[in-house]
1. Please give the length that would be gained between Leu160 and Leu127 if that part of the chain were fully extended, namely 0.36 nm times their separation in residues minus their C-alpha to C-alpha distance (nm, one decimal).
2. Please give the calculated 222 nm ellipticity per residue for the chain, where each DSSP H segment of at least 4 residues contributes -39500 (n - 2.57) and the sum is spread over every residue; nearest 500 deg cm²/dmol?
3. If you build the convex hull over the alpha carbons only and average its shadow over all orientations, what do you get for region 102-159? Give it in nm² to one decimal.
4. Net charge near Leu79, counting Lys/Arg +1 and Asp/Glu -1 over other residues with Cβ under 14 Å of its Cβ?
5. May I ask for the distance between the Cα centers of region 99-123 and region 32-54, given as a whole number of Å?
6. Report, in debye and to the nearest 20, how large the dipole of region 3-172 comes out about its Cα centre when Lys and Arg carry +1 and Asp and Glu carry -1 on their Cβ.
7. Note down the nm distance, to one decimal, between modelled labels 7 Å out along Cα→Cβ at Glu21 and at Leu66.
8. What is the spread of the Cα atoms of the chain along each of their three principal axes, largest first, in whole Å?
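What follows draws every value from the coordinates through simple rules; no lab data is involved. All values reported here derive from a predicted model rather than from experimental measurement. All Cβ positions, glycine included, derive from the backbone under ideal geometry; neighbour counts span all protein chains shown.
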Amino acid sequence: MSPVRIGINAALLLVIFTIQETVISRIYLPITGFSFYLTSVLLLVLLENRTGAVILGFAAGIILDLSPSSESPFGQWALILTAVAYIIAVNAESIDELISRPVGLGIFVAIGASLSLIAYLLMDSLLGQPTGTFGRDTIVIAGNFLWTMFASPFLAPLFLAFRKATIGSRERI
């Protein structure tokens, strides 16, 4: 991943984060909310190689850590999204056939988003941060899983077109 693409992807993530905070988080969805930002990050991670995925996960985590609405310690989201991006990048190469189908892609991204949220809750409990009740946290993760699984196949072509438009000639080889 070239430095130019890192900057372009970071700018895209900032725009997506702004959309998430200003529009999507204000929409009432049945069950619970939907993390457009987390879904977008994981879809972009799926399109990158291992190194690019880890860099993208770290940049996405830093953006979440710098959020004014974040009450977690600085670096928590960066660590979580870097680890999840690495896990997804390693496994995406081995199950490429599964993610080429819309339902498989939706399930894979939804599992990644749920893994991120579970890791966040576990790290919060390790750091002594207050979390919600077990029942409410379970409902939030399950609802996010369902909405992510539904939205991922529709968002994937947009991010694929973005990646094709921003990829350099060296990376096409």
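1. Working: separation 33, 0.36 × 33 = 11.88 nm, distance 3.71 nm.
My answer for the length gained is 8.2 nm.
2. -25500 deg cm²/dmol
3. Result: a mean projected hull area of 4.2 nm².
4. On the way: positive: none; negative: Asp65, Asp124.
So the surrounding residues net to -2.
5. 9
6. Value, rounded to 20: 420 debye.
7. It works out to 1.0 nm between the two label points.
8. For the chain, the Cα spread along each principal axis is 50, 33, 31 Å.
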